[in-house]
Structure formats: C-alpha cells, structure tokens
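Engineer: I'd like to ask some things about the structure below.
A short reminder: the numbers here are calculations on the coordinates, not readings from a lab. The structure displayed is predicted, hence computed values, not measured ones. No Cβ is skipped: glycine too gets one built from the backbone with ideal geometry, and neighbour counts run over all protein chains shown.
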Amino acid sequence: MINDKYKDNEINSDISEIIDRISQEYSRNIGLKSNTCCNTSLKGALYVRSYREFINALESCRITFVLITTTYCPYCRLFKPIFYRIAEQYNNKAAFIEVNADYIPEIAMMFNVYSTPTTIVLVDGRIVDELIGYIPANYFKEYIDDVLKNVKCIQG
C-alpha cells in the first residue's frame, strides 16, 4: 500500500516534469513573425503523430484549430469528417490539426482537455476559445468565419 502511494507520487512527479517541459518549449516556439495568416501552403487538415509534428504545424499559421479526439469516441467519429471537410475550404487561411489523445496524451494535458471531441482555437499561439463536443457543420463553418474575420484573415 505504501509502495503504491510512492509509485503514484513518482509517476505524478514525472508527468508534471514532462508537462512543464512541453509548456516551456511550446511558449518558446509559438508565434509567427509575419502578418500573413499562414506562412506555408496548407491544404485541408493535418493529423499529427508526434509532439514535434504538432509544434511544427502550430507554427505554420496565425490561426489554428486543434481537434482533440480519442479512438473510441463516437462523437469524434461524427465530427471528424465535418472538421476535415471544412478545413479544405480554408486553405492557407488557418491550420486545422487533429490530435488523438490516446497516442499523444501530453498535448491533451497541455490544453487541459478531459472530454472529446474538443476543438481548441489559437490565435498567434494563444488560446482564445475551446469548443467541447460535436458541432453541426453549418455552426462550425459560421464560427470559423467569425474567427477569421476578427483576425482579418478573410474579408467580412
């Protein structure tokens, strides 16, 4: 019993260290220098498979929509096709990134995501909004239009 508590504390300490390192690296690496919406040519959504790939994708655009999913989440399965279809309509305006929390849990922890699907909205590397759950396509598209108009990436 005492050994289990010690192991739990040790694991929690290790996880805290990892999250701290990720947060520090994230805050150092985020932020675009130019005034353009995207500094690389993006088409559609990107499914990332590693933390490094995630950071590189974040650096590609001023506005980023990060969809956090899990493998067996039924609402994630319903929302992912909407996310990918709408992402194709905003080439070079914003980055659309999918992260599976089952495979890269540190990213979900970094954003304090406890429910999926969750869409995190970042502008210039800062979290500006969080959308939890399934979102119908028309509402999601309207929301994206509003965000992009507010940061002047599309005409309003």
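Engineer: Under 5 Å between amide hydrogens, which residues at least 5 positions from C37 or on another chain qualify, with H placed 1.01 Å from N in the peptide plane?
Structural biologist: none
Engineer: From the backbone phi of the range 106-122, what are the Karplus-calculated ³J(HN,Hα) couplings (6.51 cos²θ - 1.76 cosθ + 1.60, θ = phi - 60°) in whole Hz, Gly and Pro given as x?
Structural biologist: 5, 6, 4, 5, 4, 9, 6, 8, 10, 9, 10, x, 10, 10, 9, 10, 10
Engineer: By the scheme Lys and Arg +1, Asp and Glu -1, what is the net charge of all other residues having a beta-carbon under 10 Å from that of A45?
Structural biologist: +1
Engineer: Given the C-alpha centroids of the range 45-101 and the range 142-156, what is the distance between them in whole angstrom?
Structural biologist: The range 45-101 and the range 142-156 have Cα centres separated by 18 Å.
Engineer: Give me the number: length gained by fully extending Y139 to S50, i.e. 0.36 nm times residue separation minus the C-alpha to C-alpha distance, one decimal in nm. Numbers along the way, then the final one.
Structural biologist: Details: separation 89, 0.36 × 89 = 32.04 nm, distance 2.99 nm.
Full-extension gain reported as 29.1 nm.
Engineer: Local charge sum around C76 (other residues, Cβ-Cβ under 13 Å, Lys/Arg +1, Asp/Glu -1)?
Structural biologist: Once all neighbours under 13 Å are counted, the net charge is 0.
Engineer: Please give the net charge around Y103, taking every other residue with its beta carbon less than 13 angstrom from that of Y103, where Lys and Arg add +1 and Asp and Glu add -1. Could the numbers behind the result be given before it?
Structural biologist: Details: positive: R49; negative: E53, E98, D102, E106.
Net charge around Y103: -3.
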